[in-house]
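Undergrad: Next up is a structure, given as structure tokens.
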Amino acid sequence: MNALAREHSVTDLCATLEVSRSGYYAWAGRKPGTRDQTNLQLAGEIEVLFQASRESYGSPRMTAALRQSGHGCNHKRVERLMRQQGLRGRLRRRYRVVTTDSRHDQPIAPNRLAEAPPCTAPDQVWLTDITYVPTDEGWLYLAGVLDRYSRRPVGWAMGESLATTLPLAAIEMALEQRRPGKGLLHHSDRGVQYASQNYRDRLSASGVETSMSRKGNCYDNATMESFWSTLKHELVYRRQFQTRTQARQSIFEWIEVFYNRRRLHSSLGFKSPVDFENQLN
């Protein structure tokens, strides 16, 4: 009504809306109530946390983040305030590139992951896969190694080729950084890269047991697929990378600075992967 009052008299507006002038002036001079003040404060905190999450948190993670910051609030209230501010988490965008070539004569490992017990500590099961990122220069391929227990990426490599050297570089990084004990289970799809002699020899030399998904069944590696989905919806689909170098830098920073150390993970009790692992110490 304040905006309309700049163009029309208060008397005319009150007559049109069938309210008294005294009622209007009482409403205009009223201070916000306690709940309104709390909502304003909460909305400001939501905006700060939303930006800190790189505009990726929806209402469930936002509710958890607010509670960790000392704000007692329920999910429906947070959802309403985010909607009023026009704050939305993931963006939807899809395209598909084939990265798995299972038409080869290399050995195929059985799906040992299906019968593996739940993980109770890091470095018991590693999940691996390859995905792709579009740039103006062409595709950038990304091989990853994910710890199933903590959902923490422990190794990755990026390059212009899908050759075995790509996932081999990722597993080398994981083995060097984590130095797992004997008995680690390595799960992948049936792609020729993971079935190659060089790759199998590297795993064997480290005492790593191999497992592969069933043919054409992406659900066998659902946790890894979920990580790729998070990466793409929260980073890749929000930007247009001009160069592969630009994409490399952004992906490295997103994984190492944001995802591993700051992003709250619902399956980890709304802890980051690093915090989830640190609670064991």
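Undergrad: Does segment 194-207 contain any residue that is over 17 Å from residue 141 (Cβ atoms), surrounded by 16 or more Cβ atoms within 10 Å (Cβ to Cβ) and in contact with a Lys or Arg (Cβ under 8 Å, 6 or more places away or on another chain)?
TA: For segment 194-207, residues over 17 Å from residue 141 (Cβ atoms), surrounded by 16 or more Cβ atoms within 10 Å (Cβ to Cβ) and in contact with a Lys or Arg (Cβ under 8 Å, 6 or more places away or on another chain): absent.
Undergrad: Assuming residue 239 fulfils every condition listed in (1) over 22 Å from residue 107 (Cβ atoms); (2) surrounded by fewer than 17 Cβ atoms within 10 Å (Cβ to Cβ); (3) in contact (Cβ under 8 Å) with a residue 60 or more places away in the chain apart from one, which condition is it?
TA: Among (1) over 22 Å from residue 107 (Cβ atoms); (2) surrounded by fewer than 17 Cβ atoms within 10 Å (Cβ to Cβ); (3) in contact (Cβ under 8 Å) with a residue 60 or more places away in the chain, the lone unmet condition for residue 239 is (3).
Undergrad: Which residues, taken from segment 157-181, are out of contact with any strand residue (DSSP E or B) (no Cβ under 9 Å at 6 or more places or on another chain) and at negative phi?
TA: Scanning segment 157-181 gives 163, 164, 181.
Undergrad: Could you check segment 112-124 and list, in sequence order, the residues that are within 22 Å of residue 167 (Cβ to Cβ) and either assigned to a helix (DSSP H, G or I) or over 20 Å from the mean Cα position of the chain (by Cα) (or both)?
TA: 112, 113, 114, 116, 119, 123, 124
Undergrad: Across segment 188-205, what is the total count of residues that are under 14 Å from residue 174 (Cβ atoms) and either in contact with a Cys (Cβ under 6 Å, 6 or more places away or on another chain) or not small (Gly, Ala, Ser) (or both)?
TA: Looking only at that region, the number is 4.
Condition check ((1) in contact (Cβ under 8 Å) with a residue 12 or more places away in the chain; (2) in a loop (DSSP other than H, G, I, E, B); (3) over 22 Å from residue 157 (Cβ atoms)) across all residues:
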| residue | (1), (2), (3) |
| --- | --- |
| 230 | yes, no, no |
| 263 | yes, yes, no |
| 267 | yes, no, yes |
| 280 | yes, yes, yes |
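Undergrad: Please state which of the following conditions residue 248 fails to meet, knowing it meets all the rest: (1) farther than 25 Å from residue 165 by Cβ; (2) modelled with pLDDT of 95 or more.
TA: (1)
Undergrad: Take segment 144-190 and flag every residue that is in contact with a helix residue (DSSP H, G or I) (Cβ under 8 Å, 6 or more places away or on another chain), small (Gly, Ala, Ser) and touching a residue at least 40 places away in the same chain (Cβ under 8 Å).
TA: Matches in segment 144-190: 144, 150, 188.
Undergrad: Return only the number of the condition from (1) at pLDDT 75 or above; (2) at negative phi that residue 97 does not satisfy.
TA: (1)
Undergrad: Regarding segment 168-179, can at least one residue be identified that is surrounded by 16 or more Cβ atoms within 10 Å (Cβ to Cβ) and farther than 21 Å from residue 251 by Cβ?
TA: No, segment 168-179 contains no residue that is surrounded by 16 or more Cβ atoms within 10 Å (Cβ to Cβ) and farther than 21 Å from residue 251 by Cβ.
Undergrad: Under 9 Å by Cβ, and 6 or more places apart or on different chains, what pairs join a residue from segment 210-225 that is in a loop (DSSP other than H, G, I, E, B) and modelled with pLDDT of 95 or more with one that is exposed (fewer than 13 other Cβ atoms within 10 Å of the Cβ) and not hydroxyl-bearing (Ser, Thr, Tyr)?
TA: Within 9 Å, no pair qualifies.
Undergrad: Right, another one. Would you mind telling me which numbered condition in (1) part of a strand (DSSP E or B); (2) modelled with pLDDT of 95 or more residue 201 fails?
TA: Result: residue 201 fails condition (1) only.
The values are calculated or read from the model by the stated rules, or taken from the named source; none is laboratory data. Please read these numbers as outputs of a predicted model, since none were measured by experiment. All Cβ positions, even for glycine, are placed from backbone atoms using ideal geometry, and neighbour counts span all protein chains on display.
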